[in-house]
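What follows is one structure encoded as structure tokens, with my remarks underneath.
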Amino acid sequence: MRLSTLRELAVAAGLEVPSNDAELKQKFLVTEPMRDLESVLNKFLATQKVLTSEEILERITYEVIEDACNEGIRILELRYAPTFIQQGHEHLSFDQIHRAIERGRDRAKHLPIAVGFIAIIQRILPFKDAVRVTDFAIANRGSFVALDLADNEEGFDPAPFAPLFERAKKAGLHLTVHAGEANAPEAPGYVKTAIERLGAERIGHGLQIQHSQEIMEFVRERNIPLELCPTSNWLTNAVSSTKSHPFRKLMDFGIPVTINTDDPGVFDIDLLHEYELLRREHGLTLAEFERCNDTAAAASFIPLEEKQKHWPRAIQKLGRSSR
């Protein structure tokens with residue numbers, strides 16, 4: 001969400017809004033390392049309070065697509081948890097939320113960018129909510145490209161969600177799972193479970209596999225791309241600094257890696273920020289950036305014909321697939 005939009009919507013929602021941008025960022029955004037992932041997620045909840053209507057959801061969807069396109073992004077996947085948006089806004093049904101987001105995307109159809117949506121299951125909620133989101137994603141598989149499992153992973157093994165992911169796969173949805181983000185002993189094992197048990201074709205984050213040679217080999221053998229987010233991982237204390245991020249280690253090991261912002265609005269960054277960071281601190285070359293981006297283009301769940309319209313090179317297959 002644009003900072004200017006956040007300010008406008010927060011005022012309209014009756015929230016206490018600081019007068020200057022620095023204080024506004026301090027209140028709503030994550031710009032310095034937080035204690036843990038849960039603390040970061042609480043910041044998301046503060047911003048979530050402004051998502052009060054279909055008109056607002058349509059607007060911010062259009063604006064994020066427009067901003068991404070202006071930045072040079074040509075393939076964009078946006079993911080959201082219907083349960084997260086609905087929290088405190090129970091007057092909005094899942095259908096109303098999704099239709100508003102679709103309208104925002106449709107307003108951006110004139111832009112040279114391919115856009116796909118991913119439905120998120122919040123692993124911290126009761127299982128019945130996970131079932132509800134899965135049912136909704138399957139019912140709307142014409143506009144969702146994939147199902148995801150996200151939210152705080154500490155103490156939440158992904159294994160119980162395997163039957164839901166199997167159902168989604170049978171319905172034709174792709175699968176990605178947030179795993180191996182938090183710096184916890186069980187994190188590398190969660191990545192293996194996500195791939196073996198849930199059928200994940202991509203892993204959100206996954207950086208903590210750096211602590212297990214066996215699981216690094218497992219991910220490399222299956223050619224599973226990692227959605228890596230250096231700045232986010234520093235801000236959530238998944239790594240002690242952006243310079244200590246294992247991006248190059250994982251890339252040089254032969255694991256497919258992609259460059260992501262996680263959430264540009266909440267973290268006050270954009271994708272170019274991550275490029276500059278990786279160039280400056282990890283020595284990525286132009287050829288390596290192009291390889292990461294071609295990996296991302298190939299790994300994107302958006303139909304090939306649609307994403308190829310906007311990509312400057314022929315999009316290759318990733319090779320071995322988990323599907």
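The values are calculated or read from the model by the stated rules, or taken from the named source; none is laboratory data. Bear in mind the structure is a predicted one, so any value in this text is a computation, not a measurement. For neighbour counting, all protein chains shown are included, and Cβ atoms are generated from backbone atoms with ideal geometry for every residue, glycine included.
Among the residues of the stretch 158-180, are any outside any loop (DSSP other than H, G, I, E, B), in contact with a strand residue (DSSP E or B) (Cβ under 7 Å, 6 or more places away or on another chain) and polar (S, T, N, Q)?
Yes, because at least one residue in the stretch 158-180 is outside any loop (DSSP other than H, G, I, E, B), in contact with a strand residue (DSSP E or B) (Cβ under 7 Å, 6 or more places away or on another chain) and polar (S, T, N, Q).
Might you check whether a residue that is part of a helix (DSSP H, G or I), crowded, with 20+ Cβ neighbours inside 10 Å and in contact with a Lys or Arg (Cβ under 9 Å, 6 or more places away or on another chain) occurs anywhere in the stretch 240-248?
No, every residue in the stretch 240-248 fails to be part of a helix (DSSP H, G or I), crowded, with 20+ Cβ neighbours inside 10 Å and in contact with a Lys or Arg (Cβ under 9 Å, 6 or more places away or on another chain).
Looking at (1) under 26 Å from G204 (Cα atoms); (2) touching a residue at least 24 places away in the same chain (Cβ under 8 Å), which is the one condition that is false for Q86?
(2) is the only condition that Q86 fails.
Does F117 qualify as being more than 17 Å from C69 (Cβ to Cβ), touching a helix residue (DSSP H, G or I) at 6+ places or on another chain (Cβ under 8 Å) and of a type in the set (F, W, Y)?
Values: more than 17 Å from C69 (Cβ to Cβ): no; touching a helix residue (DSSP H, G or I) at 6+ places or on another chain (Cβ under 8 Å): yes; of a type in the set (F, W, Y): yes.
Taking the combined requirement at face value, the residue does not satisfy it.
What do you reckon, is N237 part of a helix (DSSP H, G or I), of a type in the set (S, T, N, Q) and either touching a helix residue (DSSP H, G or I) at 6+ places or on another chain (Cβ under 6 Å) or surrounded by 14 or more Cβ atoms within 10 Å (Cβ to Cβ) (or both)? Walk me through it before giving the result.
Values: part of a helix (DSSP H, G or I): no; of a type in the set (S, T, N, Q): yes; either touching a helix residue (DSSP H, G or I) at 6+ places or on another chain (Cβ under 6 Å) or surrounded by 14 or more Cβ atoms within 10 Å (Cβ to Cβ) (or both): yes.
Answer is no for this residue.
For residues that are in contact with a Leu (Cβ under 9 Å, 6 or more places away or on another chain), in a helix (DSSP H, G or I) and buried (at least 16 other Cβ atoms within 10 Å of the Cβ), tally how many sit in the stretch 119-156.
Adding up the residues that qualify gives 5.
Are any residues in the stretch 291-304 in contact (Cβ under 8 Å) with a residue 12 or more places away in the chain and assigned to a helix (DSSP H, G or I), and if so, which ones?
Within the stretch 291-304, C292, N293, D294, T295, A296, A297, A298, A299 qualify.
Can V17 be described as among the hydrophobic types (A, V, I, L, M, F, W, C), farther than 30 Å from D294 by Cβ and touching a helix residue (DSSP H, G or I) at 6+ places or on another chain (Cβ under 8 Å)? Spell out how you get there, then give the answer.
On the way: among the hydrophobic types (A, V, I, L, M, F, W, C): yes; farther than 30 Å from D294 by Cβ: yes; touching a helix residue (DSSP H, G or I) at 6+ places or on another chain (Cβ under 8 Å): yes.
When the stated conditions are applied, V17 passes them.
Could you tell me which residue of the stretch 1-21 is nearest to the chain's Cα centre (by Cα), considering only residues that are surrounded by fewer than 16 Cβ atoms within 10 Å (Cβ to Cβ) and small (G, A, S)?
S4
From the list L173, L228, which one is modelled with pLDDT of 95 or more, touching a helix residue (DSSP H, G or I) at 6+ places or on another chain (Cβ under 7 Å), within 23 Å of A296 (Cβ to Cβ) and surrounded by 24 or more Cβ atoms within 10 Å (Cβ to Cβ)? So that I can check it myself, show each step before the final result.
Values: L173 fails: surrounded by 24 or more Cβ atoms within 10 Å (Cβ to Cβ).
From the options L173, L228, the qualifying one is L228.
If you take the residues of the stretch 176-186 that are crowded, with 23+ Cβ neighbours inside 10 Å and not hydrophobic (A, V, I, L, M, F, W, C), which of them is farthest from the chain's Cα centre (by Cα)?
So the residue we want is G180.
Only residues that are of a type in the set (D, E, K, R) and either within 17 Å of L57 (Cβ to Cβ) or in contact (Cβ under 8 Å) with a residue 60 or more places away in the chain (or both): list them for the stretch 1-46, please. Outline the logic, then answer.
Step one: of the stretch 1-46, the residues of a type in the set (D, E, K, R) are 2, 7-8, 16, 21, 23, 25, 27, 32, 35-36, 38, 43.
Scanning the stretch 1-46 gives R2, E8, K25, E32, R35, D36, E38, K43.
Give me the residue from the stretch 161-170 that is surrounded by fewer than 22 Cβ atoms within 10 Å (Cβ to Cβ) and touching a Lys or Arg at 6+ places or on another chain (Cβ under 9 Å) and, out of that set, farthest from A130 (Cα to Cα).
K169
Quickly run through the stretch 147-168 and pick out the residues that are of a type in the set (A, V, I, L, M) and farther than 19 Å from D262 by Cβ.
So the first thing to find is which residues in the stretch 147-168 are of a type in the set (A, V, I, L, M), and the list is 147, 149-150, 159, 162, 164, 168.
Scanning the stretch 147-168 gives A159, A162, L164, A168.
State whether one or more residues within the stretch 236-244 are aliphatic (A, V, I, L, M), touching a residue at least 12 places away in the same chain (Cβ under 8 Å) and over 22 Å from F44 (Cβ atoms).
So the first thing to find is which residues in the stretch 236-244 are aliphatic (A, V, I, L, M), and the list is 238-239.
Next, from what is left, pick out any that are touching a residue at least 12 places away in the same chain (Cβ under 8 Å): 238-239.
In the following step, the residues that additionally are over 22 Å from F44 (Cβ atoms) were identified as none.
Scanning the stretch 236-244 turns up no residue that is aliphatic (A, V, I, L, M), touching a residue at least 12 places away in the same chain (Cβ under 8 Å) and over 22 Å from F44 (Cβ atoms).
Identify all residues within the stretch 89-114 that are free of Cβ contacts under 8 Å to residues at least 24 places away in the same chain, assigned to a loop (DSSP other than H, G, I, E, B) and under 30 Å from R74 (Cβ atoms); write none if there are none.
Once the filter is applied, which keeps residues that are free of Cβ contacts under 8 Å to residues at least 24 places away in the same chain, assigned to a loop (DSSP other than H, G, I, E, B) and under 30 Å from R74 (Cβ atoms), the stretch 89-114 yields K109, H110.
Just checking, how many residues over the stretch 199-217 are outside any strand (DSSP E or B) and crowded, with 24+ Cβ neighbours inside 10 Å? Lay out the reasoning, then the answer.
Filtering the stretch 199-217 for residues outside any strand (DSSP E or B) gives 199-201, 206-217.
Add one more test, that the residue is crowded, with 24+ Cβ neighbours inside 10 Å, and what stays is 200, 206-209.
Residues flagged as outside any strand (DSSP E or B) and crowded, with 24+ Cβ neighbours inside 10 Å within the stretch 199-217 amount to 5.
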